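Notes follow once the structure below has been shown.
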Amino acid sequence: MTSERADRPVLDAPIRALFERVAALSDGRKPDLAAIGAALVELAADVDYLTPWMRRLDGQSGAVPIHAPARGPRLTVVHRSEGQMSAVHDHGTWVAISPIVGVETHRRWRVVRDDGAPPRVELADDRALARRDVATLLPPDDVHDHGHLAGRGPAAHVLILLGDQQTRFTRNEWDPATGRHRVLVPGDGGRWLASEPMPSETGAPSSLAVRPAPGRAGSGRSRA
């Protein structure tokens, strides 16, 4: 995986405005996710500004960090190609996701813990997110997957806003088809796609290549 990071970038006005709002809305024990989501939708609607960021992906599955400081909220453009879904995972921090173009399937999963059995997941919510839609999650109710399902419109490019660097946390990943669960130790980004085999041990690398970001705002590591 290749990446680059600027810890103190000079932000473009639309990105600076978003993060100023996010700072005010997340300054406390519980972030105002409804307002954060609305701010993200407003930026995602600015297709002209975001088109150069989407072009960095060249139509390929991957992620481009727009702003990725060492700690705190970070913003990434993410695209999964037709028929590609992420693994079922949690983040360990709050998250908001809104499409720029296309239709993003977003599914929330409920963790079931039976006595003496490993945790498993059951589908709790299934949404097709289009432009000006948003989904937000707050731990511990943040187990989800997202991407593209065949028959649900064109594969989306989405903005993903995370409350912190997720790989700092111990997280979880599931395979609903097999019932397997694994713990992601800090530093493990997990599987990029649900179709990838689940490693037998934690710490195995993901196949996601994070692409260098264009120009003015900072870039960094991100998997979403």
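Simple point charges give the picture: +1 on the Cβ of Lys and Arg, -1 on the Cβ of Asp and Glu, and for the chain a dipole about the Cα centre of about 380 debye. The simple Förster model, with R0 at 30 Å and r as the Cβ-Cβ distance, assigns Arg113 and Glu196 a FRET efficiency of 0.70. Each Cα pair under 8 Å and six or more residues apart adds its separation to the average, and for the range 13-184 the resulting relative contact order is 28 percent. GNM on the chain, alpha-carbon springs under 10 angstrom: the most fluctuating residue among Ala39, Ala96, Ala23 is Ala23. Charging the Cβ of each Asp and Glu at -1 and of each Lys and Arg at +1, and nothing else, the dipole of the range 1-106 about its Cα centre rounds to 320 debye. At q = 0.21, 0.23, 0.27 Å⁻¹ the log10 of I(q)/I(0) for the range 10-81 amounts to -1.00, -1.14, -1.35, computed by Debye summation with a single uniform scatterer per C-alpha, solvent ignored. Loop-located trypsin sites (Lys or Arg not before Pro) in the range 30-71 (DSSP state other than H, G, I, E, B) with a sparse environment of at most 12 neighbouring Cβ atoms within 10 Å: Arg71. Ratio of Rg to Rh for the range 13-184: 0.96 [Cα atoms; Kirkwood radius as inverse mean 1/r over pairs]. Applying both filters, DSSP loop and at most 12 other Cβ atoms within 10 Å, to the trypsin sites (Lys or Arg not before Pro) of the range 131-164 gives Arg132. Gain on full extension, evaluated as 0.36 nm per residue between Arg55 and Ala35 minus their Cα-Cα distance, stands at 4.4 nm. On full extension, the segment bounded by Thr170 and Ala150 gains 4.0 nm, given 0.36 nm per residue less the C-alpha separation.
Projecting the Cα atoms of Ser98, Ala45, Gly28 onto the charge dipole of the range 13-184, computed from C-beta unit charges around the Cα centre, puts Gly28 farthest toward the positive end.
Read the figures in this text as sums done on the coordinates, not as results from a lab. Predicted, not measured: the structure shown is a model, and the values here were computed from it. Virtual Cβ from ideal backbone geometry, glycine too; neighbours counted across all protein chains shown.
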